[in-house]
């Protein structure tokens, strides 16, 4: 079967779309935020590959055409950013300082903990972009020489955790301002966080969407510097 | 025709990003160059919103599927870095919580401060 699958360029492509559709269906039926479609799709495909003993390379013969769209789609993030320019202009200082503080906190925690756990530098590099939206994170990790699948794993996990804990954290720490709540969701948990932010309110949703892109952009500037100082020996 | 034109614009900006990524020796992803230039083009009205909007919104709405191949790549990485998986999970949990708290508190503080100032000015 491996031989046949290596000759067809459709297998990886088709299985990805079919399983993704299935996971969207499950998500819509259950409405549980833990059942993130990307997470569910990944788990099912990994299980299929392991059960049928198909290696990743064979899967990727067809699947790589899907990855191809990642860059043009990220370019499209310019559109939501443009649409939110008014909100950005109005609160520019509060927004930028909150996001910047989050990015610095993220880099600090990751550098400290990777050193405490004595992990290798390549893993540290791969984790630096974990709070930003996956397309930017993948591009950044590739540029910095990290392992992109570790980054994707960390990005998804951040999203799931951020989306789940946001309401509790806001309550415990008395973060009541709508703008601040939205920014906190988007900066820590990108698109997943935005789903939670939208449940909290319209302003939170818009702010979270804005934070995703701004966090991504600023991280592209800060992560290489942090990487250069701490993870390149 | 409309969609061909929209896709063309998006791909041209991606290509511009690719060119810049090759000439400029900075670790900035192709997509960021493309995105920033498209954003500037929108601001300066070289490109109008309705010239890209429909196709862009479509691509963004199905965006998650484009990460699946990279995400499935965990299958190879997992076995190569098995012993590091637990620390990675711990780091991700702790840092996500800290980032959320930091951004939330800092932006709330500054927004409150500015609101007070504005009220004081009146």
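What follows draws every value from the coordinates through simple rules; no lab data is involved. Quick caveat, the model's predicted, so the values are computed rather than measured. Cβ: placed from backbone, ideal geometry, glycine included. Neighbour counts: every protein chain shown.
Note the angle between two axes, namely the Cα long axis of helix A:11-30 and the longest principal axis of the Cα atoms of chain A, as a number of degrees from 0 to 90, rounded to the nearest 10.
Rounded to the nearest ten degrees, it is 50.
Is there a simple number for the mean count of other chain Cβ atoms within 10 Å of the Cβ of residues in B:83-91, and what is it?
6
If I fit a long axis through the Cα atoms of helix A:56-67 and take the longest principal axis of the Cα atoms of chain A, what angle between them do I get, 0 to 90°, rounded to 10?
Once rounded, one gets 50 degrees.
Between residue B:23 and residue A:228, what is the FRET efficiency for a Förster distance of 25 Å, r being their Cβ-Cβ separation, to the nearest 0.05?
The formula returns an efficiency of 0.75 here.
Build a GNM of chain B with springs between Cα atoms under 10 Å: which of B:48, B:82, B:112 gets the top mean-square fluctuation?
B:112
Residue A:199 to residue B:80: FRET efficiency via 1/(1 + (r/R0)^6), r the Cβ-Cβ distance, R0 25 Å, to the nearest 0.05?
0.10
What residues from the stretch A:200-227 fall in the zone where the backbone N is under 16 Å from a label point 7 Å along the Cα-to-C-beta line of residue A:31?
Under 16 Å, as judged by backbone N against the label point of residue A:31, lie A:200-201 of the stretch A:200-227.
Can you give me the orientation-averaged projected area of the convex hull built on the Cα atoms of chain A, in nm²?
Average of the hull's projected areas for chain A equals 14.3 nm².
For chain A, modelled as a GNM with alpha-carbon contacts under 10 angstrom, which of A:41, A:168, A:141 fluctuates the most?
Per the Cα network of chain A with a 10 Å cutoff, A:168 tops the list.
Quick check: pseudo-label points 7 Å beyond the Cα along Cα→Cβ at residue A:164 and residue B:53, how many nm apart are they?
3.8 nm
Given a Förster distance of 35 Å, report the FRET efficiency between residue B:15 and residue A:17 from their Cβ-Cβ distance, rounded to the nearest 0.05.
Efficiency at R0 = 35 Å is approximately 0.85.
So which residue, out of B:32, B:89, B:101, gets the largest mean-square fluctuation from a GNM of chain B using Cα contacts under 10 Å as springs?
Maximum fluctuation in the GNM of chain B, among the listed residues, is at B:101.
Across peptide A:188-197, what mean number of C-beta atoms from other chains lies inside 10 Å of a residue's C-beta?
Partner-chain Cβ atoms within 10 Å, mean over residues of A:188-197: 2.
Take residue A:55 and residue A:171, extend 7 Å from each Cα along the Cα→Cβ direction, and tell me the distance between the two endpoints in nm.
5.0 nm
Compute the distance from the alpha-carbon center of the stretch A:71-142 to that of the stretch A:4-67, in whole Å.
Here the answer is 27 Å between Cα centres.
For all pairs of alpha-carbon atoms in the stretch B:70-122, what percent lies in each bin of width 5 Å, listed from the first bin to the last filled one?
Bins of 5 Å from zero give 4, 15, 13, 13, 11, 9, 9, 7, 6, 5, 4, 3, 1 percent of pairs.
Fewest Cβ neighbours within 10 Å first, please rank B:63, B:8, A:207 accordingly.
Listing B:63, B:8, A:207 from fewest to most nearby Cβ atoms yields B:8, B:63, A:207.
From Cα pairs below 8 angstrom and at least 6 apart in sequence, can you work out the relative contact order of the stretch A:2-68, rounded to a whole percent?
51 percent
Does chain B come out rounded, prolate or oblate, given a ≥ b ≥ c as the square roots of the eigenvalues of its C-alpha gyration tensor, rounded meaning a/c under 1.5 and, failing that, prolate meaning a/b above b/c?
Here chain B falls in the oblate category.
Hey, rough spin-label estimate for residue A:90 and residue B:90, points 7 angstrom out along Cα→Cβ, what's it come to in nanometres?
Between residue A:90 and residue B:90, the label points sit 4.4 nm apart.
Helix A:92-116 versus the longest principal axis of chain A: what is the Cα-based angle in degrees, 0 to 90, to the nearest 10?
On a 0 to 90 degree scale, this one is about 60.
In peptide A:151-162, what is the residue-averaged number of other protein chain Cβ atoms found within 10 Å of each Cβ?
Whole-number average of other-chain Cβ neighbours for A:151-162 is 6.
Quick one: what do you get for the stretch B:1-67 if you divide its Cα Rg by 2.2 N^0.38 Å?
My calculation over the Cα atoms of the stretch B:1-67 gives 1.15.
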